[in-house]
1. What about residue 521, is it assigned to a loop (DSSP other than H, G, I, E, B) and not small (Gly, Ala, Ser)?
2. Would you mind telling me which numbered condition in (1) within 22 Å of residue 113 (Cβ to Cβ); (2) open to solvent by 50 Å² or more (accessible area, probe 1.4 Å); (3) at pLDDT below 90 residue 302 fails?
3. Pairs please, first residue from the stretch 1-17 and over 11 Å from residue 47 (Cα atoms) and basic (Lys, Arg), second anywhere and open to solvent by 100 Å² or more (accessible area, probe 1.4 Å) and assigned to a helix (DSSP H, G or I), Cβ atoms under 7 Å, 6+ apart in sequence or on different chains.
4. Only one of these is of a type outside the set (D, E, K, R), modelled with pLDDT of 80 or more and farther than 24 Å from residue 436 by Cβ: 521, 537, 500. Name it.
5. Could you check the stretch 326-346 and list, in sequence order, the residues that are part of a helix (DSSP H, G or I), open to solvent by 30 Å² or more (accessible area, probe 1.4 Å), of a type in the set (A, V, I, L, M) and touching a residue at least 40 places away in the same chain (Cβ under 8 Å)?
6. Looking only at the stretch 465-481, which residues are within 15 Å of the chain's Cα centre (by Cα) and part of a helix (DSSP H, G or I)?
7. Here are 45, 52, 38: which of them is open to solvent by less than 60 Å² (accessible area, probe 1.4 Å), under 30 Å from residue 140 (Cβ atoms) and in a helix (DSSP H, G or I)?
8. Filtering the stretch 58-75 down to residues that are in contact (Cβ under 8 Å) with a residue 24 or more places away in the chain and assigned to a helix (DSSP H, G or I), which residue is most open to solvent (accessible area, probe 1.4 Å)?
Amino acid sequence: MGILRDIWRIRSYLIVMVTPVLLLPLLLLSDRQETKCAYVVLLSAIYWITEALPIAVTSLLPVVVFPIIGLMSASATSSAYINDTSMLFIGGLILAAAIEHWNIHKRIALRVLILVGSDPARLLLGMMLPTWFLSMWINNTATAAMMVPISHAVMEQFREVQQETRSSRTVQKECWDNDAVELTDDECRLRNGYRELPGSYNDDDKEDDEDDIIEPTNDDGMSNPPELVRLGKALSLSVAYAANIGGVATLTGSFPNIIMKGQTDLLYERFHATSPVTYGSFLLYGLPIAVCGLVFLWLWFYILFLWRRNNRGTDQNAKKKIKAMLQQEYNDMGTMTFGELAVIGHLLVLAVLWITRDLGGSGGWGFLFPNGLVSDSTPAILISISLCFFPSQFPEIFCCNKDQPYVSRPLLPWKVAEKNLPWGVILLVGGGFAIAKGSEESGLSEWLADRLIVFSELEPWIMNMILCFIMALATEVTSNTAISTLMMPILSQLAFRLGVNPLYYMLPSAIAISFAFMLPVATPPNAVVFTYGYVRVVDMMTAGFVMNIVGVLILVLVTETIGTSVYDFHTLPAVFNISLSPNETAQGT
């Protein structure tokens, strides 16, 4: 046992050193380009899954390994790390850093919670709505980390009221002994609002009180009522799940969406065409999925956690305390400043520029420039630059009071942006682009796609649904960025082999990769809520299993309806028909 314990302690070192040696037969037994690329893909996948190396460090492997094995030059590999999609991603991250820097996300969340009310069902919706909305614009991990303490504070208010209620209900009998009234013990209990304590009831009462079995105790040693425990689970899980669902609505909302966008751009560039996946077009496709997912999430959690509860134990005192706590938190933030309003203005301007750049080929400001000169990254970087010099205070240079020196910092000082930007994630996305480029140039993606042609007899929508379920399952146990990096090139080649529009497989699969609801390790938001102790693994698996199933079904339904009208999924674009060989296009007919 001592030897095994020592081996376990140095497992990361062993994995890093032994894995390249174990995979060497791939290079020694074959000199094909596909095999060389498979070596790098498998090596990266093992490091990503085991996290023997930091995920961002693993993403740098192609820069070293590709040139050594003769797959791609160092310059060609390095150039894949930063492209148009990377700049779009960086622009979105800088805007998110400004929103967090000014605590705008907290102000929005508290305001929504105050407006929806303190009833448990309303509180559940109040937790979901701001988390869902904010995850479209800022990192879902940051959103969850901000919302979970708020949900925890709400639960503390419920617990305090519950403890006050218990302490006031002392076990006593009060009988009125006079000639007119003589009450029995049972009638005294009813008169005094008496509730039996656990363990004090008779065996005959067990069936009636099964729902009131007390679950784990709180910090004061007092047991939490089942309805309070269920509410804690509902509020915690609602934050994690709403963060995952909200991210699928926009291109910059999740890492798989960004990777998919980069892959579609590279795909269309190979055929000298422009990808139809823009911020505006994807919003038309992703937003209905996110809306339907949020509605079902609220209904499912109400049934799972609040249906039996029936608002029991939530008296007016608890509601008043929760509302007062939220209002106090909001008041402590003070009135909105010029800087906050300016950041919100930048957000609105960027959203308008993204949406109106290309209005489905029928107009938009992007058509003022020659084809291909501007993209969604252009306004993203423009707004990012503006955030770094736009004043955070209203200029006083034209005011009467000119005696005091005017000092104003920008909305987002660069040191703050530099500190808050997740540079490791940027490297991870870039590494994904490099591996995808290597897979395409080596032919590995085509080779893997050929192995999947056995599914060609299935109806396209059934094939798409199977792929979405596979993606949703795979992302439960590995990084969603890693799985999207590995699968996007394969899916595009599979679509070509089957004569299907590649967007038909790539877009739904990218969204399905964000449907990680069953395990704490699946996504950072799941891990964040798990650390607060209200949720067990079995709770997450119970709630998440249904969310995974229904989420994929909603995804397929929207893909076949709204998605088809936006992207014409069931028609292979003419640019691909011209470029593909007759044998490849014939397989889809």
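1. Answer is yes for this residue.
2. (3)
3. That search, which allows pairs on different chains as well, returns nothing.
4. Exactly one of 521, 537, 500 is of a type outside the set (D, E, K, R), modelled with pLDDT of 80 or more and farther than 24 Å from residue 436 by Cβ, namely 537.
5. Within the stretch 326-346, just 344 meets the criteria.
6. 471, 472, 480, 481, listed by residue number.
7. None of the others qualify; the one that does is 45.
8. Checked the stretch 58-75; the qualifying residue most open to solvent (accessible area, probe 1.4 Å) is 63.
The values are calculated or read from the model by the stated rules, or taken from the named source; none is laboratory data. As the structure is a computational prediction, the values presented were derived from the model and not from experiment. Heads up, the Cβs are rebuilt from the backbone with ideal geometry, glycines too, and the neighbour counts pull from every protein chain shown. For accessibility, only protein heavy atoms count, side chains too; no ligands or nucleic acids. Shrake-Rupley method; radii C 1.70, N 1.55, O 1.52, S 1.80 Å.
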